[in-house]
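In what follows, a structure is listed as structure tokens, so that the remarks can point back to it.
The values are calculated or read from the model by the stated rules, or taken from the named source; none is laboratory data. As the structure is a prediction and not an experimental result, all values here were calculated from the model. Cβ: placed from backbone, ideal geometry, glycine included. Neighbour counts: every protein chain shown.
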Amino acid sequence: MGAFGRIKMVTLDVHNTILKMTYPLGETYVKKTFETSGIKLETDVVNKEFYTEWKYMNKHYPHFGATTKPDWSDGGWWEQLCSRTLLAAGFPKDQSSRLTDSAQAIHKYYVTPDAWTILSNADEALSELAKTGVKIAVISNFGKRLHNLFDIFNLRQYIDHLIISEEAKSSKPEQSIFEQALLKAGLHNEPESVLHIGDHIRNDYYGAKTVGMRALLFMDPGTPHWPVGNEGPIDKADVVTSLKAVVDFVKKNNELYDCESQQNR
């Protein structure tokens, strides 16, 4: 392991790596819509239409509109996504005022701490990781609201650099967002000294590797199927099921590297 070199920085995804939604997305959309408009939608339909509209918005207004719609704030992008999702799920088209109320209520909810939960012991793991002396950065396909969430959950204290799509004007798996993280840390000539962790095979695992970074795939221990990548199943050595395992990986790697360096002197 030491042959790979010392790890100088760890970069992390956020959604389902550090934070997760407190309640399933479809249930939340249905609940908030009924509370604000009295209109009942079906959870399964909302889930299906959300991902269809998510793909549409990211194709036509990528990076939360940062490069295509300068007058759209993070909130405007999300409210547009919410409105499109609700309409596609059966919200009456002639109820535009109530549609706006529901979309705004959904967006405002996801800016609050009630909507999010820290993954088990993630904050403790970040604290322990910071104590190892490595830099810690976040690379996330998130909007500007992430700053507020990290402050609310008291996570900002552990993070040296926060790189998010809306500000970077780039989203994973694009190389630019990873390169911006390397540049901010002064490690643009040492990508192999950076370890990225995230739960998405294409965006995180392969995205980081395309710029020369090392990568581990974060997998929920309850996942029923082993992750399969471009070249078959992901190697077990490249999969972790907790951030505590990431801390152990970094410690073991750097201790082994330091030991080998001492022996070679």
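General remarks:
- Elements of the type helices (runs of 4 or more DSSP H) sitting completely within segment 96-202 and holding at least 3 residues that are assigned by TED's automatic domain parsing to the domain that holds LYS244: these cover 122-131, 145-152, 165-168, 175-184.
- Any hit, segment 55-68, residues being among the aromatic types (Phe, Trp, Tyr) and surrounded by fewer than 16 Cβ atoms within 10 Å (Cβ to Cβ): yes
- Among residues of segment 176-197, those that are touching a Leu at 6+ places or on another chain (Cβ under 7 Å) and touching a residue at least 12 places away in the same chain (Cβ under 8 Å), counted: 5
- Among the residues of segment 235-246, those identified as assigned to a helix (DSSP H, G or I) and either in contact with a strand residue (DSSP E or B) (Cβ under 8 Å, 6 or more places away or on another chain) or under 12 Å from LEU216 (Cα atoms) (or both) are LYS236, ALA237, ASP238, LEU243, ALA245, VAL246.
- Test: residue in segment 28-40 that is of a type outside the set (Phe, Trp, Tyr), surrounded by fewer than 21 Cβ atoms within 10 Å (Cβ to Cβ), at pLDDT 95 or above and under 24 Å from SER170 (Cβ atoms): no
- Selected residue (only one of THR11, THR85 is modelled with pLDDT of 95 or more, under 20 Å from GLU166 (Cβ atoms), assigned by TED's automatic domain parsing to the domain that holds LEU243 and in contact with a helix residue (DSSP H, G or I) (Cβ under 6 Å, 6 or more places away or on another chain)): THR11
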